[in-house]
Amino acid sequence: MDTELVENPESDDPDVIHREPSPLIPLLVEAMEDMKWYALAADTEERWPLTRFGERGRIPSFVRRLVFERDGGMCLGCGMPLTIKTAQLDHIVPWSAGGPDTSDNLRILCGPCNEERSNFRSGLDDHAAHRVPVALVCVGCFHLQADDEDPAPVVPGMIPAFCGQCGLVSLTCPQAVC
């Protein structure tokens, strides 16, 4: 929590502590307003707000492949089996609405599901809202590649991600996540 503890000048009691408000509070209030709008949009299937325009960068092909593998090669909308060529990469929170190009915001859909979704907020978004990110390698696979006799340590701050080597959701360093 980003609060600063200072002595309370209005009190003679030395055990009374005054907390200064965090500078993050105005940002949290703004974020809460956005979440209220998104919740309303989900109930009414409104479009996501357009906050970005123009061109975005290309998502690397290895990230596309890993997202395809993580999602089991099936459309997350209707369950239709797809190939890497027929699968369409979709942003859960659309890029135009401020959604990132990170793998935890990407999923695969078939063409019809992707076209029907457009940038409408729907129940499909809630279903896929917490996609596990993808990584080229997890801590276990890294250890196997290093031919090291000592296992790679699991340290605080590691996060679960879909490993491109073993195909399992395993711990990895945040820097390895795509």
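Since every read-out is calculated from the coordinates, none of them should be taken as a lab result. All figures in this text were calculated on a predicted structure; none of them were measured in a lab. We place every Cβ from the backbone using ideal geometry, glycine too, and count neighbours over all the protein chains shown.
Compute the length gained on full extension between H130 and V155: take 0.36 nm times their separation in residues and subtract their Cα-Cα distance, giving the result in nm to one decimal.
6.7 nm
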* Between Q165 and V93, take the C-beta separation as r, use R0 = 25 Å, and let me know the FRET efficiency to the nearest 0.05. => 0.35
* Long-range amide H partners of V169 with built H, under 5 Å -> C163
* **Cα-projected label distance for D101 with E46, points at 7 Å along beta-carbon direction, nm** => 2.9 nm
* Structure fact -> Diffing region 171-178: the Karplus 3J(HN,Hα) column from phi (6.51, -1.76, 1.60, θ = phi - 60°), in whole Hz with x for Gly and Pro, holds 6, 8, 6, x, 5, 7, 7, 8
